[in-house]
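Below you'll find the structure, written out as structure tokens, and then a few comments.
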Amino acid sequence: MRVTPLFVIALVLGVPVGHGRAEGGAPASFDTAMTAAQANVATPEGAAFDAELGKQFGKVHENTMVQCAVDAADKNFATFNLLMELDAAGAVVRTLVRPESPVAACLQKAVAHDVYGKPPRAGYWVRAEMVFRP
């Protein structure tokens, strides 16, 4: 999914960010979560869910990203990935970001309590690639 609000984001959904734990409470590695998100979006069901999630995410967080960018002390706006794990109801249960930055941390905090549509299953990872464009 791609969304380009103002000067800020090109968005591609698929997996979670920063403070993650895998099923059973074990820490989730970013790479493991990214692999899961990429596998999810590669299925027809996952691609359809990703497209809908992208619309929802864009509506909710377009202004969030602008504000995070404006408020960032560090004006180095590098592309980053946000991974979100969703429960069976679509609530974000964990997030991971890479690379870490003030803007990434701001968005990660903002999505922590989001609820989206029902994913194909619980423990479903999605990815948002945040690309800044002038």
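Quick note: the coordinates plus some simple rules give every number you see, no bench work behind them. Being a predicted model, the structure only gives us computed values, none of them experimental. Glycine gets a Cβ as well: all are built from the backbone with ideal geometry, and neighbour counts include every protein chain shown.
The modelled label-to-label distance for the pair LYS59/PHE132, using points 7 Å beyond Cα in the direction of Cβ, is 2.8 nm.
Between LYS75 and ALA42, the contour length at 0.36 nm per residue exceeds the alpha carbon distance by 8.5 nm. Normalising the average separation of contacting C-alpha pairs (under 8 angstrom, six or more residues apart) by the number of residues puts the relative contact order of segment 88-134 at 50 percent. For trypsin sites (Lys or Arg not before Pro), the sites in segment 35-134 that DSSP calls loop and that have at most 10 other Cβ atoms within 10 Å are LYS75. Once the Cα-Cα distance is subtracted from the 0.36 nm per residue extended length, the THR32 to LYS118 segment shows a gain of 28.8 nm.
Averaging the sequence gap over all C-alpha pairs within less than 8 Å and six or more residues apart, then dividing by the number of residues, gives segment 10-131 a relative contact order of 40 percent.
The phi-based Karplus calculation (6.51 cos²θ - 1.76 cosθ + 1.60; θ = phi - 60°) puts the 3J(HN,Hα) values of segment 34-39 at 4, 4, 5, 5, 5, 5 Hz, whole numbers, x for Gly and Pro. Among the chymotrypsin sites (Phe, Trp or Tyr not before Pro) in segment 43-134, those placed in a DSSP loop whose Cβ has at most 16 other Cβ atoms within 10 Å are PHE132.
How large is Rg over Rh for segment 10-131, taking Rg from the Cα atoms and Rh as the Kirkwood inverse mean of 1/r across Cα pairs?
0.95
Loop-located GluC sites (Glu not before Pro) in segment 61-114 (DSSP state not H, G, I, E or B) with no more than 14 neighbouring Cβ atoms inside 10 Å: GLU100. Computed 3J(HN,Hα) for segment 85-100, one whole-Hz value per residue from the Karplus formula 6.51 cos²θ - 1.76 cosθ + 1.60 where θ = phi - 60°, is 9, 10, 7, 4, 8, x, 7, 6, 10, 6, 9, 9, 9, 7, x, 6, glycine and proline marked x.
Couplings for segment 58-74, taken from phi via the Karplus curve 6.51 cos²θ - 1.76 cosθ + 1.60 with θ = phi - 60°, read x, 5, 6, 10, 4, 6, 4, 5, 4, 5, 4, 5, 5, 7, 5, 5, 8 Hz in order; Gly and Pro are left as x.
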